[in-house]
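The next block holds one structure in the form of structure tokens; read it before the comments.
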Amino acid sequence: MTVPPQTAAVQLYLDPAVFARERQLIFARTWQFIGLEADILRVGDYLSETVAGFPVVVIRDDYGALRGYHNVCRHRAGPLVTDGKGRCDRQFVCRYHDWRYGFDGKLKEATGFGPADGFNVLNLPLFPIRVETWLGFVFVNLDAQAAPLIDTLRPLDERLGRQAYRSARLYDHHPMACNWKLYVENYLDGYHREGVHKGLAAEAGTKRHEVRMHGSVALYEVPNRSSGTAGLWAWVWPNLGLNIYQGVLLLEHIRPQGPDRVTIEHIFLHEPEDPGVDAAIHDSERITDEDAWICERVQKNLSAGIFSQGVLSPAHEGAVAWFQQRVAQALAGG
Ligand code: FES
Ligand SMILES: [Fe+2]
């Protein structure tokens, strides 16, 4: 018989100091999804986002390559671009005092700065970040030493590498009053289906949803009663979910906003004329609402102060235990 592992300490879900460490030791060191390559096809097209508190921008440069920078001017920390999608004409022009930077990050002109001894624009390039793409998804990494993106995604790439590109998309987002780790743990836990998703349990039969870790990727193939695999469900350390069900690819970006707040951003990618899309999206929304409800209630119970530590089922919560260990390792590593 296996002794059940203990759950992580409650403070990990409540303490702003832990959240600050996670930002530095987890989110600033891992590959973070930032958007779709289809949105930045032309020279000067950009995507700008805040990755765990760090504003960043990815731009299509003059040679067609993608480059990434912190969205921070070297003069007095103004933003180079506004948030979201947009286009720069030949260069970045800081929104504060108009300093101009090439897409290669070099400061070309400190507009109107005036005479100053020893001032050399060459000494003030933008702060670079890493950018890589996979299946049309753009990722950034704030750690210059990080291993290539494919090292993390390989188990998923082996299953999804030949997916056809789906051109139509639909976005929505779900703000939730819980720590990001509670949402991830719930995502990695097939044990709660009967308790939380009664409709899903009835559809899928009684077999429990067993999640297995493959490196830093959790995978679960959705069984179909008649024809083998109906879909694939995956999660990538530390905060990206991806699943394909009824032909629709759903990207779930789990974006921490603070110790007790997270936003789940959904992008549904599908074929333009797929008649199954509405039903797939409707099911997904219902499941997300059910998950939000339970995660928010657990956060409330953790904050209340009666619960200090629980146990994880060796048979059904192995992926949750893996995640809690991985977080503990990351937090110890700084
Ligand atoms: S802060 Fe960018 S030009 Fe002043
Ligand atoms: Fe769920």
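Between N123 and I150, the contour length at 0.36 nm per residue exceeds the alpha carbon distance by 6.4 nm.
At L331 and E273, where each label point lies 7 Å from the Cα along Cα→Cβ, what is the point-to-point distance in nanometres? According to this spin-label approximation, the distance is 5.3 nm. Less than 5 angstrom separates the built amide H of I129 from those of G68, Y69, H70, all sequence-distant by 5 or more or on a different chain. For E109, the residues whose modelled amide H falls within less than 5 Å of its own, excluding neighbours fewer than 5 places apart on the same chain, are R100. Applying 1/(1 + (r/R0)^6) with r as the Cβ-Cβ distance of T2 and F113 and R0 = 41 angstrom yields a FRET efficiency of 0.05. With the highest mean first, a sort of the peptides 304-312, 253-261 on other beta-carbon atoms found within 10 angstrom per residue produces 253-261, 304-312. With the convex hull constructed from alpha-carbon coordinates only, the stretch 217-305 shows a mean projected area of 7.2 nm² over all directions.
Expressed in whole Å with the largest first, what are the equivalent ellipsoid semi-axes of the chain derived from the C-alpha gyration tensor as the square root of 5 times each eigenvalue? Walk me through the numbers before you get to the answer.
Details: eigenvalues 300, 122, 56 Å².
Working through the eigenvalues yields semi-axes of 39, 25, 17 Å.
In order along the stretch 75-90, phi translates into HN-Hα couplings of 6, 9, 6, x, x, 7, 9, 7, 6, x, 9, x, 9, 9, 8, 6 Hz, rounded to whole numbers, per the Karplus curve 6.51 cos²θ - 1.76 cosθ + 1.60 with θ = phi - 60° and x for Gly and Pro. Which whole-number percent is the relative contact order of the chain (Cα, under 8 Å, 6+ apart)? Reported as a whole number, the value is 20 percent.
Set the Förster radius R0 to 25 Å, insert the Cβ-Cβ distance between R159 and T133 as r into 1/(1 + (r/R0)^6), and round the FRET efficiency to 0.05.
Numbers: r = 18 Å, r/R0 = 0.72.
That gives a FRET efficiency of 0.90.
Suppose R0 equals 35 Å. What FRET efficiency, 1/(1 + (r/R0)^6) with r the Cβ-Cβ distance, do V43 and D172 give to the nearest 0.05?
Numbers: r = 31 Å, r/R0 = 0.88.
According to the calculation, E is roughly 0.70.
Distance between the modelled labels on Q91 and Q246, one decimal in nanometres: 5.2 nm (7 Å Cα→Cβ projection). Each peptide in 69-77, 154-162, 271-279, 27-35 was scored by the mean count of other Cβ atoms within 10 Å over its residues; highest first, the order is 27-35, 69-77, 154-162, 271-279.
Treating only the Cα positions of the stretch 56-177 as identical point scatterers, give the base-10 log of I(q)/I(0) from the Debye formula at each q in 0.16, 0.20, 0.21, 0.23 Å⁻¹. Taken in order of the listed q values, log10 I(q)/I(0) reads -0.91, -1.17, -1.23, -1.34. Each residue in F127, F268, F323, F119 was given a count of other beta-carbon atoms within 10 angstrom of its own, and listing them fewest first yields F119, F127, F268, F323. Couplings 3J(HN,Hα) of the stretch 186-200, computed from phi: 5, 5, 8, 10, x, 6, 8, 4, 5, x, 9, 10, 5, x, 5 Hz, in residue order, whole Hz [Karplus 6.51 cos²θ - 1.76 cosθ + 1.60, θ = phi - 60°; x for Gly and Pro].
Computed extension gain for K198 through Q11, at 0.36 nm per residue and net of the alpha carbon distance, reaches 64.2 nm.
Each value in this text was obtained by applying a stated rule to the coordinates, not by laboratory testing. Note that the structure is a prediction, hence the values are computed from the model and not measured. When we count neighbours, we look across all protein chains shown, and the Cβ atoms used for this are built from the backbone with ideal geometry, even at glycine.
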